[in-house]
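Everything below concerns the one structure shown next.
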Amino acid sequence: MSNDTKVLLVIALVTIGVIAFIVFGSGSATQSYDPTVVNRGGVATGSATPKVTLTEFSDFFCPSCRTVNPVVDQLIQKNGDRLKFIYRHFPLPQHPLAFKAAQAAEAANLQGKFWDYKNRLFEDQENLTDASFELISKDLNLDVAKFNKDMNSSEVIGKVQRDERDAKKLNLPGTPTFFLDGEGLNLTNFADLTKIVEEKLNQ
Amino acid sequence: MKNKKNAVIFALALVGFFIALYLSKQYLSNSPVLCFTGGCEKVRLSPLSKIAGIPVPVFGLVGYSLIVIMAFLRTVNVEFEKKLLKPILVVAFGGLVFSAYNNFVDWFIIKTFCQYCFVCLLIMIGLVITSKSELKQSPTT
C-alpha cells in the first residue's frame, strides 16, 4: 500500500468519524421540557383517557409541518382510542401570514371544524394569501360572518399568543416540534415519529 | 506524500458524498432536512427537486462516488494515476454545471437559499480548480 493510499484512508476515516460524531453525538432522541407548559392549551383530538399524549407545535406556513401532517393524521386515525393529539401554534416570524392562519384555524375551531381547516391550510400552503382564510371557511360551510368576527376576537388572538409564548418559553428550535408525554422528540425522520409513538403505545 | 492535490480532490469529494448521502436519505424517506437558512425544505418540496422522478441529491451521490473512487484508485498504481485525472475533471466539470444550474433554480425560480446546494457548488468549484491545476502540471497525462 502506497503512502498516498494510506493518507486517503486516514482522510476517509477522519471524515466518517466526524460525520458519526455529528449524527450520533448530537444528543439523545428525547429532551426534557416542563410538562406543565407543553400540554396546557392547544386543540386536542383522540382519546379522552389516553395512554399516550402527543403534542405538536406547528406553523401553517412551515413546509415540514405540511409534510408531517398526513403522518400525524394517520397516527390519530390508527390509534385514536389510546392516543391524544394536541395541536399548538408556533407561528414563525419569517412567515408573515402564519399568525393570521393560526387565528383562522382557531376561529374554525369555535365552529367545530379545526381539523378540516388545518388540513386545508396545509394543502393550500403554497398558495395561501390574506383572502384564502375566508374562502376556506366558505368551502367548509362555516358561518362566515361569525368566522370573521371570531378570527379577530381577543379570545382567539389570546389563544394563539399563549401558544406562541409557551413555544418561546420552551425555547423550541423551530417547527414542527413534537412532545410525547411531555418529552421533546429529536426527530431526524418523520417515519421515526410513527415508530416512537407506536412503541410507547405498545409498552 | 507524493500527490497532495489528489488528496484534496478525495477529501472534497468525500465531504460532497456525505452531504449527498444525507440529502438522498432524507428525500427518499420524505423526511425533513436540517437547515440553517430555512430554504432547504422549500427546495426539497419543490417539483424542481426531482429530475425524471429522481431526487437531485441522488445525481450528486453518483457524481461524488465516482470522484471518490477514481481519486482513491489513483493512489493504487501509476497507470491509474495518469489515466484517471481527466475523467475526474470531466465528472467535476459536469458536476459544476449541474450544481450551478441547481443554485440558479434555487435563487431565481424557487427564490430561496439552500445551504447544501451552495456548499456543493463550492465543492465542485474546488474540484474543478484542483484537478485542472494538476492536469496543467502534468501535461503528458
Equivalent ellipsoid semi-axes, the stretch B:36-76, via Cα gyration tensor eigenvalues times 5, rooted, Å: 29, 13, 4
Within straight-line cross-link reach of B:Lys82, lysines at Cα separation under 17 Å, skipping those fewer than 8 residues along the same chain: B:Lys2, B:Lys4, B:Lys5, B:Lys132, B:Lys136
Per-residue ³J(HN,Hα) for the stretch B:46-54, Karplus 6.51 cos²θ - 1.76 cosθ + 1.60, θ = phi - 60°, Hz, x for Gly and Pro: 7, x, 6, 7, 10, 10, 6, x, 9
With Cα atoms, 0 to 90° folded angle of helix B:56-73 axis to chain B main axis: 20
Directionally averaged shadow of the stretch B:48-141, computed from the convex hull of its alpha-carbon atoms, nm²: 6.3
Cα-based Rg of chain A normalised by 2.2 N^0.38 Å, two decimals: 1.24
Nearest-20 debye value, the protein assembly as shown charge dipole, Cβ charges on Lys, Arg, Asp, Glu: 1120
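Near A:Phe99, within a Cβ-to-Cβ distance under 13 Å, what is the net charge of the other residues, with Lys and Arg +1 and Asp and Glu -1?
Details: positive: A:Lys100, A:Lys159, A:Arg162, A:Arg165; negative: A:Asp59, A:Glu106, A:Asp130, A:Asp163, A:Glu164.
In short, -1.
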Difference of contour (0.36 nm per residue) and Cα-Cα distance, B:Lys132 to B:Lys2: 45.1 nm
Debye intensity ratio in log₁₀ form over the Cα atoms of the protein assembly as shown, taken at each q of 0.07, 0.08, 0.14 Å⁻¹: -0.40, -0.50, -1.09
Expected 222 nm ellipticity per residue - DSSP helices of 4 or more, -39500 (n - 2.57), all of chain B, to 500: -23000 deg cm²/dmol
Overall Cα dimensions of the stretch A:69-124 - principal axes, largest extent first, Å: 36, 25, 19
Approximate spin-label separation A:Lys168-A:Glu126, in nm, with each point projected 7 Å along Cα-to-Cβ: 3.3
Helix B:115-137 vs. chain B, principal-axis angle (Cα, 0 to 90°, nearest 10): 20
Partner aspartates and glutamates for A:Lys138 [C-alpha distance under 18 Å; skip if fewer than 8 residues away on the same chain]: A:Glu106, A:Asp116, A:Glu123, A:Asp124, A:Asp130, A:Asp150
Choice from B:Ala52, B:Ala100, B:Ala11 showing the highest fluctuation, given a GNM over chain B with Cα pairs closer than 10 Å: B:Ala52
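Values quoted throughout were computed directly from the atomic coordinates according to the rules given, and no laboratory measurement underlies them. Everything numeric in this text was worked out from a predicted model, so none of it was measured. All Cβ positions, glycine included, derive from the backbone under ideal geometry; neighbour counts span all protein chains shown.
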